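To start, the structure itself, in structure tokens.
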Amino acid sequence: MLDKIKLFAPATVANVSCGFDVLGFCLDTVGDEMVVHKTQEKGIRITKIEGSELPLEVEKNVAGVSALAMYNALQPDCGFEIEIYKKIKPGSGIGSSSASAAGSVFGINALLGYPLNKSELTKYAIKGEALASQCEHADNIAPTIFGGFTLVRSVAPVDILQLPTPEELYATIIHPQIEIKTSEARAILPKTVALDGAITQWSNVGSLVHALHTSDYDLLNKALKDVIVEPHRKQLIPHFDAVRTAALSAGALGCGISGSGPSIFMLSKGKSTAENVEKAIADCYQDTSIPFNTFVSKINTQGIKVI
Ligand code: HSE
């Protein structure tokens, strides 16, 4: 059996506008790399982190917390060392903590001969994610582990639905280089919602799921709207409305906050439209004083993988 594995843990977009805490999809151009080693010495150790200033202490690192939760449950007769090569900036809104939390459990599972299925891996990865966002949600973890679009029907017990990905769908991402902590972006949200807003929101979630099943791009365009969370959070992201106007004018089907931000995502039909959208939003941000980067990605239907 292998005693070392290298893996790619992809970035993800959570919420997908109307699906706060339940919908997500997986990107394929950006992701962390991790190496997990099996050791004779028992326990979990994080031996190296490159690309970001994150703690090596297992209990303070999302990858360590998820690994430890799985390790304590399985009690294998060996230990594991984890190396993390961060390519996803923490606090960027494209699932940085989820990639690390999922990566460690995926690597350990592979080295143990795959005793756990994807839902069980999700259960332990959520424990790491919770360290970053102060609550258990799986809308980044699920697309990292399952790939494609996912819907979290329940976190306890874990119940993830895999949704189809329309063939011609591409994502465009802009990452304004400011940091928004998920815990803080959650703290500003109201605890209750008005019934009329809730009706609009669940009508959009249902429509979005139907649009994915039927590759109905016009319906996607109508459904990619968030009347509950975005109105509160967009104030944290400079020039959000200008980006959305530019993106929709360039042909995007929809535009919203990626997870808790500051990244903003757009979905488009076809790669060339996604690239036109990228150019339009870059032009829009060029005139601001905020550094940013953009990229276009096909939807990654495989998710986390061995490399
Ligand atoms: N659903 C979570 C939130 C995702 O929006 O707070 C965090 O990335």
Taking a 20 Å limit on the Cα-Cα distance, which of the listed pairs 87/234; 86/269; 89/181; 181/305; 89/269 fall beyond it? 87/234; 86/269; 181/305; 89/269
Over the chain, with a Gaussian network built from C-alpha contacts below 10 Å, which listed residue (117, 15, 140) shows the highest mean-square fluctuation? 117
Over all directions, segment 4-163 yields a Cα convex hull whose mean projected area in nm² is 8.3
Inter-label distance, nm, simple model (7 Å from Cα along the C-beta direction), residue 275/residue 222: 3.2
So how far apart, in nm, are the two label points at residue 183 and residue 110 if each is 7 Å from Cα heading toward Cβ? 3.1
Set of aspartates and glutamates near residue 60 by C-alpha distance (under 17 Å), chain-local residues within fewer than 8 positions excluded: 50, 81, 83, 129, 136
Looking at the chain as a GNM with Cα springs under 10 Å, which of 116, 195, 68 has the largest mean-square fluctuation? 195
Counted charge near residue 264, where neighbours are those whose Cβ lies closer than 13 Å (Asp, Glu -1; Lys, Arg +1): -1
Within segment 59-79, backbone nitrogen closer than 12 Å to the virtual label 7 Å beyond the Cα of residue 3 toward Cβ: 79
According to the Kirkwood expression over distinct Cα-Cα pairs, how big is the hydrodynamic radius of segment 169-298, in Å? 15.2
Convex hull of Cα atoms in the chain, direction-averaged projection (nm²): 14.8
If contacts are Cα pairs under 8 angstrom and at least 6 residues apart, what is the relative contact order of the chain in percent? 24
Of the trypsin sites (Lys or Arg not before Pro) in segment 40-140, which ones lie in a loop per DSSP and count no more than 12 other C-beta atoms within 10 Å? 42
Compute for segment 140-228: radius of gyration divided by Kirkwood radius, i.e. Rg/Rh, restricted to C-alpha atoms, rounded to two decimals. 0.98
If I fit a long axis through the Cα atoms of helix 62-74 and take the longest principal axis of the Cα atoms of the chain, what angle between them do I get, 0 to 90°, rounded to 10? 50
Ignoring GluC sites (Glu not before Pro) that are buried or in helix or strand per DSSP, and keeping those with at most 13 other beta carbon atoms within 10 Å, what is the longest stretch of the chain between them? 180-307
Over all distinct alpha-carbon pairs, what is the Kirkwood Rh of segment 73-155 in angstrom? 13.3
Express the accessible area of the chain per residue in Å², computed with a 1.4 Å probe while the remaining protein chains stay in the model. 42
For the chain, with all protein chains present and a 1.4 Å probe, just round the carbon and sulfur fraction of the accessible area to a whole percent. 51
Cα-based helix-to-principal-axis angle, 240-249 vs the chain, degrees rounded to 10: 70
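The values are calculated or read from the model by the stated rules, or taken from the named source; none is laboratory data. None of these values were measured; they are calculated from a predicted model. Positions of Cβ are generated from backbone atoms using ideal geometry, with glycine treated the same way; all protein chains shown enter the neighbour counts. Side chains are part of the model used for accessible areas, which takes the heavy atoms of the whole protein and leaves out ligands, DNA and RNA. Shrake-Rupley method; radii C 1.70, N 1.55, O 1.52, S 1.80 Å.
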